[in-house]
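Below: one structure, written as structure tokens.
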């Protein structure tokens, strides 16, 4: 069953310069895909088209029935006064809640207690599983230049 199908997709923002130029691919049920490419290659543009934030200039986009796609901003907006430390602490809190890391308080730094994190056994197992999944992942490489690369086995 096809989950996502792209046919002859074209998108440009400047006359004579297509960011996406005839892109065609499909992702079948159960496949895992990584999208890699240099800055400006059109990765975010493709995702904005998939989520219907942008319309293609040409081509067809088809997403499987009952499927939803979401896109997280590359430039997140945080509340005023939010520090990098606050952002990291919130990310670590989610991992800690899942039991993947444990935290402990250490020496103070700049008058504030310093928090240290360590990975737990379930966290290590989760990472092992994700790395194995990555090895099995099909990757869409920079299809805009026609180059393909394969991951090297360790």
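Quick note: the coordinates plus some simple rules give every number you see, no bench work behind them. Keep in mind the model is a prediction, meaning the values are calculated, not measured. Neighbour counts are summed over all protein chains in view; Cβ atoms, including those assigned to glycine, are modelled from backbone coordinates with ideal geometry.
One table, with the values for the structure above:
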| quantity | calculated |
| --- | --- |
| Which of 90, 103, 73 has the fewest Cβ neighbours within 10 Å, and the rest in rising order | 73, 90, 103 |
| Residue-span extension gain [residue 118 to residue 38] - 0.36 nm each, minus C-alpha spacing | 25.5 nm |
| Shape category assigned to the chain from the gyration tensor of Cα positions, a/c cut at 1.5 | prolate |
| Structure-based [θ]222 nm, the chain - -39500 (n - 2.57) summed over DSSP H runs of at least 4, per residue, nearest 500 | -7500 deg cm²/dmol |
| Separation of alpha-carbon centers, the stretch 77-111 and the stretch 40-70, rounded to whole Å | 34 |
| Gyration tensor verdict on the stretch 22-67 (Cα atoms; rounded if a/c is under 1.5, prolate if a/b is larger than b/c, oblate otherwise) | oblate |
| With Cα atoms, 0 to 90° folded angle of helix 84-97 axis to the chain main axis | 90 |
| Prolate/oblate/rounded call for the stretch 1-91, Cα gyration tensor, a/c under 1.5 rounded | oblate |
| Cα long-axis angle, helix 121-135 against the chain (0 to 90 degrees, to the nearest 10) | 20 |
| The chain, relative contact order [Cα under 8 Å, separation at least 6], % | 24 |
| Normalised contact order of the stretch 2-73, rounded percent, pairs of Cα under 8 Å and 6 or more residues apart | 40 |
